[in-house]
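Working notes, structure below.
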Amino acid sequence: MLDKLKQVRLNKLDKIYEAGIEPYPAKSSRTHNIKHALENFDELSKSEEKITVAGRVRTIRVHGALTFVDLEDQSGRMQLFFRKDDIDEAKYEMLVNLDMGDFLQAEGILFTTKRGEQTLAIKDYNILTKSLLPLPEKWHGLQDEELRYRKRYLDLLMNKDTKDLFIKRTEFTNNTRKFLNDHGYLEVETPVLEAIPGGADAEPFLTHHNKLDIDLYLRISLELHLKRLLVGGFEKIYEIGKVFRNEGMSTQHLQEFTMLEFYWAYADYEDLMIFVENFYMDIIQKTFGTLKIKYKDTVLNFKAPWPRIDYREVVLQESGVDIDLYPTKEDMQKIVAQKGIKVDPKAGRGRLIDQLYKKLVRPKLIQPSFLINQPLDISPLAKKKDDDKTKVQRIQVLIATAEVGNGFSELNNPIDQRERFEAQDKLRAEGDDEAQMMDEDFIEALEYGMPPTAGFGVGIDRLFMILTNQESIRDVVFFPTMRPKKNYTIVVEKGDSELDGKDIEINIEKLV
């Protein structure tokens, strides 16, 4: 069926070429986008000034010597009115080769129809792009959720809510940058390819550099290179960039995602908590116009101050386990197993504690809050607390049962850092693929001296997913990675000229 539908359009394309028309010109002579034209309708219509608009054909209605076309660009939609007596006769006859989905440039004069619709009376037009496949039908054509992710361009075309969501995401990211820029932070870029991945507990992706003949990793964090810049003399820096973690998938996890990290010299985690509250409040208020955000069946209130929750106390309260009473890996394995949690024999004490917390505690934490006083075992890059060397100066932002932000008083003691890396190396040797690797170059950088620093990171995708009440993190990413799939079904849009107004299911083979 797809071949037949495509052939109909290819035949029309041949007729356009035979008429001496180039259906894929390099340039348009558009003078107004549709929104601008409609906003200035009164002035433009009274002056009878000719304007030129351009966009995608969304509907075609032929009534003999009259043809109506709905044209859409990114800014809006407008009705075009073609009358046989007003344009070149051959060009009017050529309209039979126009289909929904084609791109069109149209020149004319604005007027109001008898029904009160603001319309452009066409004096001339040119085809800008001849489409070869029919558009899906809005409500039924993209019911397959996976198809929406695989063919996001169709989702954007047919679902205004999807396009609005991604426009809002850009606004959200711009507000993020503006807040940091206004507070004296400098945006920087660091390498995606690393000889040694670090800054997070995650399994990396491995690749190969052909020219240098070396294996490299895709970064799992932005942290260690940003800290090198602190050694180099920068005091307030941030980066928004892709990171890659070769681990599990869920509605809140992607292997490729967008991370924000910023570092603030001469500050600590106490300063950081106040700054982060203001940071979240500012970008949420500016993007959504409120600090009360509906998520599923609750309303999240981001107004400061947020609660400070002690790690040990909340684990004890919600699970009945006092983690300080289980100082070894073997002790922790037993108690975690007793709580019905599957134990990974390769995991160290820190990861076992983390499993206990994630299974029994975090699902009960809903409102925006800070988790503090984490065990040293789960935070290899954070400074120890002055009053308790088994705990660290760390904050985790918790929102709607998810971690949506993570910060530290950063470790700047190179001797301490080496010991942490050695402990992580031991875990890797025991089979923990997510434990961090020894990074001699980073330790050497610390030996030159890094100032006391507060650092913070947040996954932009997950935060925005929660703030916009989406079911899955894939809903806020243009092109999430998907398993290859051979076939899917599209229902073609009603009214497509070559389909005679019928819904037709098309099985299209995946081409990649």
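The values are calculated or read from the model by the stated rules, or taken from the named source; none is laboratory data. Not measured: the values here are computed from a predicted model. In this analysis, Cβ positions are derived from the backbone assuming ideal geometry, glycine residues included, and neighbour counts consider all displayed protein chains.
Listing for the model above:
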{"read-out": "Enumeration of residues in the stretch 245-280 that are surrounded by fewer than 21 Cβ atoms within 10 Å (Cβ to Cβ), touching an Asp or Glu at 6+ places or on another chain (Cβ under 9 Å) and among the aromatic types (Phe, Trp, Tyr)", "value": "PHE257, TYR266"}
{"read-out": "Some residue of the stretch 374-381 being farther than 19 Å from SER319 by Cβ, part of a helix (DSSP H, G or I), in contact (Cβ under 8 Å) with a residue 12 or more places away in the chain and aliphatic (A, V, I, L, M)", "value": "yes"}
{"read-out": "Which numbered condition ASP271 fails, given (1) under 30 Å from THR190 (Cβ atoms); (2) in contact with a helix residue (DSSP H, G or I) (Cβ under 8 Å, 6 or more places away or on another chain); (3) among the charged types (D, E, K, R)", "value": "(2)"}
{"read-out": "Top-ranked residue in the stretch 156-195 [being among the charged types (D, E, K, R) and more than 15 Å from the chain's Cα centre (by Cα); ranked as surrounded by the most Cβ atoms within 10 Å (Cβ to Cβ)]", "value": "GLU194"}
{"read-out": "Output for the stretch 69-89, where each listed residue is touching a strand residue (DSSP E or B) at 6+ places or on another chain (Cβ under 7 Å) and part of a strand (DSSP E or B)", "value": "VAL69, ASP70, LEU71, GLU72, ASP73, ARG77, MET78, GLN79, LEU80, PHE81, PHE82, ARG83"}
{"read-out": "Failed criterion for GLU203 (all others in (1) under 30 Å from ARG351 (Cβ atoms); (2) assigned to a strand (DSSP E or B); (3) touching an Asp or Glu at 6+ places or on another chain (Cβ under 9 Å) hold)", "value": "(2)"}
{"read-out": "Residues (at pLDDT below 95 and among the acidic types (Asp, Glu)) located in the stretch 293-317", "value": "ASP297"}
{"read-out": "Residue in the stretch 47-68 that is in a helix (DSSP H, G or I) and at pLDDT 95 or above present", "value": "yes"}
{"read-out": "Sole exception among (1) outside any helix (DSSP H, G or I); (2) over 19 Å from GLN424 (Cα atoms) for PRO345, by number", "value": "(2)"}
{"read-out": "Counted residues, the stretch 429-449 - those being in a helix (DSSP H, G or I) and surrounded by fewer than 16 Cβ atoms within 10 Å (Cβ to Cβ)", "value": "6"}
{"read-out": "Looking only at the stretch 280-299, and only at residues there that are more than 21 Å from the chain's Cα centre (by Cα) and not hydroxyl-bearing (Ser, Thr, Tyr), the one that is farthest from LEU467 (Cα to Cα)", "value": "ASP297"}
{"read-out": "Leading residue by the ranking (nearest to GLU43 (Cα to Cα)) among those in the stretch 90-116 that are among the hydroxyl-bearing types (Ser, Thr, Tyr) and not in a helix (DSSP H, G or I)", "value": "THR112"}
{"read-out": "Qualifying residue in the stretch 380-402 (condition: under 20 Å from ALA265 (Cα atoms), surrounded by 16 or more Cβ atoms within 10 Å (Cβ to Cβ), among the hydrophobic types (A, V, I, L, M, F, W, C) and modelled with pLDDT under 90)", "value": "yes"}
{"read-out": "Every residue from the stretch 322-331 that is more than 22 Å from LEU398 (Cβ to Cβ), touching a helix residue (DSSP H, G or I) at 6+ places or on another chain (Cβ under 7 Å) and not in a loop (DSSP other than H, G, I, E, B)", "value": "LYS329"}
{"read-out": "Enumeration of residues in the stretch 1-46 that are among the aliphatic types (A, V, I, L, M) and in a helix (DSSP H, G or I)", "value": "LEU2, LEU5, VAL8, LEU10, LEU13, ILE16, ILE34, ALA37, LEU38, LEU44"}
{"read-out": "Qualifying residue in the stretch 203-211 (condition: out of contact with any Lys or Arg (no Cβ under 9 Å at 6 or more places or on another chain), without any contact (Cβ under 8 Å) to a residue 60 or more places away in the chain, buried (at least 18 other Cβ atoms within 10 Å of the Cβ) and aliphatic (A, V, I, L, M))", "value": "no"}
